[in-house]
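Asks: Quick one: this structure, given as structure tokens, is what I'll be asking you about.
The values are calculated or read from the model by the stated rules, or taken from the named source; none is laboratory data. Quick caveat: nothing in here was measured; it's all calculated off a predicted structure. Backbone-built Cβ (ideal geometry, glycine too); neighbour counts: all protein chains shown.
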Amino acid sequence: MDERLLTVTRPELLSEAQDTAFRAMLYDFFAFGSTLETARTGFASYVGLTPTQYFSLIVIARADPKAPVGVNQVAARLHLSGAFVTNEINKLVQEGLVDKRPHPTDGRRVQLVATKAGWEKLTHLAAFQRPVNDALFETLTEEEFRQLGAIMRRLAEGGPRALQLAKYYEGKSPGAGA
């Protein structure tokens with residue numbers, strides 16, 4: 001294969017100097033990612049929320065009660081901007097699914113808490129989620145599931161750097177500014 005067509009250069013991602021296995025993994029990754037996004041959209045729709053509102057409500061509801069959660073923590077957990085998450089959380093507050101309370105130690109911040117109505121939505125949704133999530137991950141052993149979780153955390157952490165590189169190279173593209 002012409003080296004100029006390789007889509008990766010790291011030896012860990014190449015097999016016999018080819019990127020075929022890497023590309024095959026990406027095709028599967030995108031297929032599963034699309035399946036997950038469809039499931040997430042379905043879960044959200046089932047309880048009348050957008051996907052971001054649904055994820056935000058879960059992060060808020062499942063937060064450690066000893067560690068107050070605010071907008072910044074929700075945004076960080078979901079790898080989204082604080083401004084976007086603020087808008088989505090405000091909609092959850094308007095719908096009576098989340099309360100904003102004074103932060104116990106920092107008067108400048110608010111603590112987000114799921115309301116009884118928020119918990120009821122999540123309880124109603126869980127009966128739908130269980131069989132779908134079980135089917136999505138039924139091929140994994142417990143150890144594979146733990147490994148996948150660790151790998152996904154690392155990949156998510158590296159995502160912003162990769163996007164910065166993509167933006168940099170987009171600006172150098174022969175089609176840039178055309």
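Asks: Select, from V113, V47, V74, V132, the only residue that is surrounded by fewer than 15 Cβ atoms within 10 Å (Cβ to Cβ), in contact (Cβ under 8 Å) with a residue 12 or more places away in the chain and not hydroxyl-bearing (S, T, Y).
Replies: Working: V113 fails: surrounded by fewer than 15 Cβ atoms within 10 Å (Cβ to Cβ); V47 fails: surrounded by fewer than 15 Cβ atoms within 10 Å (Cβ to Cβ); V74 fails: surrounded by fewer than 15 Cβ atoms within 10 Å (Cβ to Cβ).
It is V132.
Asks: Considering A114, A76, A63, which residue is at pLDDT 95 or above and not assigned by TED's automatic domain parsing to the domain that holds R153? Give the derivation first.
Replies: Working: A76 fails: at pLDDT 95 or above; A63 fails: at pLDDT 95 or above.
Being at pLDDT 95 or above and not assigned by TED's automatic domain parsing to the domain that holds R153 holds for just one of A114, A76, A63, which is A114.
Asks: Only one of (1) outside any loop (DSSP other than H, G, I, E, B); (2) surrounded by 16 or more Cβ atoms within 10 Å (Cβ to Cβ) is not met by A31, so which one is it?
Replies: (2)
Asks: Take R154 and decide whether it is surrounded by 11 or more Cβ atoms within 10 Å (Cβ to Cβ) and farther than 14 Å from Y54 by Cβ.
Replies: Against the criterion (surrounded by 11 or more Cβ atoms within 10 Å (Cβ to Cβ) and farther than 14 Å from Y54 by Cβ), R154 does not qualify.
Asks: In the stretch 34-71, which residues are of a type outside the set (K, R), assigned to a helix (DSSP H, G or I) and in contact with a Pro (Cβ under 9 Å, 6 or more places away or on another chain)? Before you say what the answer is, go through the steps one by one.
Replies: Looking only at the stretch 34-71, we keep the residues that are of a type outside the set (K, R), and these are 34-39, 41-61, 63-65, 67-71.
Still in the running and assigned to a helix (DSSP H, G or I): 34-39, 41-46, 51-61, 71.
Of everything in the stretch 34-71, those that are of a type outside the set (K, R), assigned to a helix (DSSP H, G or I) and in contact with a Pro (Cβ under 9 Å, 6 or more places away or on another chain) turn out to be E37, T41, F43, A44, S45.
Asks: A follow-up question, please. Check off (1) of a type outside the set (S, T, Y); (2) loosely packed, with under 12 Cβ neighbours inside 10 Å; (3) without any contact (Cβ under 8 Å) to a residue 12 or more places away in the chain; (4) under 25 Å from F32 (Cα atoms) for L140 and give me the number that stays unchecked.
Replies: Failing condition for L140: (2).
Asks: In the stretch 132-156, what residues are touching a His at 6+ places or on another chain (Cβ under 9 Å) and not hydrophobic (A, V, I, L, M, F, W, C)? Steps first, please.
Replies: Initially, the stretch 132-156 is screened for residues touching a His at 6+ places or on another chain (Cβ under 9 Å), giving 156.
Those that are touching a His at 6+ places or on another chain (Cβ under 9 Å) and not hydrophobic (A, V, I, L, M, F, W, C): none in the stretch 132-156.
Asks: Give just the number: which of (1) part of a helix (DSSP H, G or I); (2) loosely packed, with under 10 Cβ neighbours inside 10 Å does P174 not satisfy?
Replies: (1)
Asks: Ok, one more. Could you check how many residues of the stretch 77-110 are part of a helix (DSSP H, G or I), surrounded by 12 or more Cβ atoms within 10 Å (Cβ to Cβ) and of a type in the set (A, V, I, L, M, F, W, C)?
Replies: Residues in the stretch 77-110 being part of a helix (DSSP H, G or I), surrounded by 12 or more Cβ atoms within 10 Å (Cβ to Cβ) and of a type in the set (A, V, I, L, M, F, W, C): 6 in total.
Asks: Something else about it: Determine if the stretch 143-150 includes at least one residue that is of a type outside the set (A, V, I, L, M), in a helix (DSSP H, G or I) and farther than 30 Å from M25 by Cα.
Replies: We begin by selecting, within the stretch 143-150, every residue of a type outside the set (A, V, I, L, M); these are 143-147, 149.
Those still in the list that are in a helix (DSSP H, G or I) too: 143-147, 149.
Those still in the list that are farther than 30 Å from M25 by Cα too: none.
Looking through the stretch 143-150, none of the residues is of a type outside the set (A, V, I, L, M), in a helix (DSSP H, G or I) and farther than 30 Å from M25 by Cα.
Asks: I would also like to ask the following. Do you know which residues across the stretch 5-23 are part of a helix (DSSP H, G or I) and surrounded by 10 or more Cβ atoms within 10 Å (Cβ to Cβ)? Don't jump to the end; show me each part of the working.
Replies: Keep residues of the stretch 5-23 that are part of a helix (DSSP H, G or I), which gives 5, 11-13, 20-23.
Within the stretch 5-23, L13, T20, A21, F22, R23 qualify.
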